[in-house]
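Written below as structure tokens is the structure these notes are about.
No lab work stands behind these numbers, since they all come straight from the coordinates. Since we're looking at a predicted model, the values are computed, not measured. Note that we place each Cβ from the backbone using ideal geometry, even for glycine, and neighbour counts take in every protein chain shown.
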Amino acid sequence: MGLKTLEKITAALTSRPAELEQLRKQGKKIVGWLAYNIPEEIIYALGLIPIRVGQGGDGRLVEVGARHISTKNCVFVRQVLGQFAEKTDPYIKQLDLVAIDATCIQLYRLEELINFYFDYKTVVLGVPRNFATKEGHEYFRKEVEHFTKKLELFAGVSLEQSKLQEAINIYDGIREAIKTLYSYQSKDNAPLSWRDVSAVINAGYNLDRLRYLELLQELIKEVEEKTSEPQENQAIEARVFLSGSLIPPGDTKLIDIIEQLGGRIVGDDLWSGLNFFLNLEIKEPTPFGVADAYLDRIPHASLPYLDLPTDGRLANLKHQIQQFNADGVIYHTLRYCDAFTFKAGETKDVLKNVPFLEIHTEYSGSDFEAIRTRVEAFVEMIKNKKEIAELV
Ligand code: SF4
């Protein structure tokens, strides 16, 4: 793509494991974390180094993980367990503590196993099944308070409001920057793609957050300078929106297929993608303030919500499809990811006339051709529809 800042981000990522090694020698502690509701701001404010763990797309590691957990768990959970079993990942082998939230019960199970089999110190953040109730709010506030106390003990320091406010400012900056990059990548003639932004997001989970924010701001400047006016008579393209289970770093099968077939990904509502950065406004630098903000963000699909007209996840999905001017949705579910698989039907119904393709997959390559055929037909159908619409 020729964006110098992307190269800088890649270079920063390459040197990060060695940098962490040095920081640990100086007494810094690393907290690996996973899932949707871990308040990273608190980890950072306590002087701990947060690193989000977990990769996908490696069938071999899924097999390694499956030696310790039922094969009825999703492939992502099995692969992450495989990573903990092997301890060759440059981040996982340096973790001093692992924090996991119980938004998805399968991840909660992961926590028990890495603690039991692989001797990792762990901390769990409980998550209410229903965020919309007063009791749910109270429960989560107490959980975040308890989580903070455990981290304080681990870090050997107390949480200071000023430090938490500093952390919130950095994370707010990151959230804004990611939203800006998303809006740029969806433009015609954008100098960076959805895949680039996704790589930038994944890199950020490993980098020092302040350095990352500086890099994001530099990237936005460079992208602004290089965004050219769209040309007239541009080729008709199928603008694809991704929804469903997460697409973690390393899992590129579906992305490769869509791009090879001439589809263009323009947006997503994945918890490994844009959703993570939306609607999170911490109004008060305290654990309660943090808890309230996390409760009010877009709900994760693994939390039951039965009233479709008021479901924030679906409302956000509809809004994002419009915002990114998408032509159709590919709803991707991982094998044994019940949370998203059960919600495929209602999601399709709510989207009514929006072209919708459901893909159910795992990390082996055995279904590559089958998925390719279905995506090809979907991309062609969208292009044909647009061609016909241009003629009339
Ligand atoms: S939400 Fe689905 S993909 Fe994510 S950890 Fe849970 S079961 Fe796995």
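For I359, the residues whose modelled amide H falls within less than 5 Å of its own, excluding neighbours fewer than 5 places apart on the same chain, are Y331, H332, T333. Between the stretch 1-66 and the stretch 282-306, what's the alpha-carbon centroid distance in Å? After rounding, the separation between the Cα centres reads 23 Å. Roughly how far apart, in whole Å, are the Cα centres of the stretch 324-392 and the stretch 127-146? Centre-to-centre distance over Cα atoms comes out at 35 Å. For the chain, the longest principal axis of the alpha carbon atoms and the long axis of helix 194-204 meet at an angle near 0°.
Between the Cα long axis of helix 161-185 and the first principal axis of the chain there is an angle of about 10°, rounded to the nearest 10.
Taking 4.7 Å between C-beta atoms as the pairing limit, the chain has these partnerless cysteines: C104.
Counting only Cβ charges, +1 for Lys and Arg and -1 for Asp and Glu, the dipole size of the stretch 4-157 around its Cα centre is about 140 debye.
Any idea which of S243, P304, N169 is furthest toward the positive side of the dipole for the chain, if Lys and Arg beta-carbons carry +1 and Asp and Glu beta-carbons -1? So the residue we want is P304.
Using the 10 angstrom Cβ neighbour count as an exposure proxy, how do H319, H137 rank, fewest first? Show your work: numbers first, answer last.
Details: H319 12, H137 18.
Going from least to most buried by this count: H319, H137.
If you fit an axis through the alpha-carbon atoms of helix 105-118 and take the longest principal axis of the Cα set of the chain, what angle between them do you get, 0 to 90°, nearest 10? For helix 105-118, the angle is close to 50 degrees.
Which number gives the lysine pairs in the stretch 231-391 that have C-alpha atoms under 23 Å apart and are eight or more places apart or on different chains? The number of close lysine pairs in the stretch 231-391 is 16. In order along the stretch 341-358, the phi-based Karplus estimate (6.51 cos²θ - 1.76 cosθ + 1.60, θ = phi - 60°) of 3J(HN,Hα) comes to 5, 5, 8, 5, x, 5, 5, 4, 4, 5, 7, 6, 8, 6, x, 9, 10, 9 Hz; Gly and Pro are listed as x. In straight-distance terms, cross-link reach from K221 covers every one of the lysines whose alpha-carbon lies under 26 Å from its own, apart from those fewer than eight places away in the same chain; here that gives K4, K8, K179, K187.
Rounded to the nearest 20, the size of the Cβ-charge dipole of the stretch 204-274 about its Cα centre is 220 debye, with Lys and Arg at +1 and Asp and Glu at -1.
Shown is the FRET efficiency for R109 and N169, computed with R0 = 30 Å from the Cβ-Cβ distance and rounded to the nearest 0.05: 0.30.
Restrict the search to the stretch 112-178; then list the GluC sites (Glu not before Pro) that DSSP places in a loop and that have at most 16 other Cβ atoms within 10 Å of their Cβ. Walk me through the numbers before you get to the answer.
Working: sites: E112, E135, E138, E143, E145, E152, E160, E166, E176; in loops: E160.
For GluC sites (Glu not before Pro) across the stretch 112-178 that sit outside H, G, I, E and B with at most 16 neighbouring Cβ atoms in 10 Å, the list reads E160.
Placing +1 at every Lys and Arg Cβ and -1 at every Asp and Glu Cβ, with all other atoms neutral, what dipole size does the chain have around its Cα centre, in debye to the nearest 20? Don't skip to the end; give the middle numbers.
Values: 47 positive and 57 negative charges, 156 e Å.
So the magnitude is around 740 debye.
Each of L181, L159 was scored by other Cβ atoms within 10 Å of its Cβ. Listed from fewest to most, they are L159, L181.
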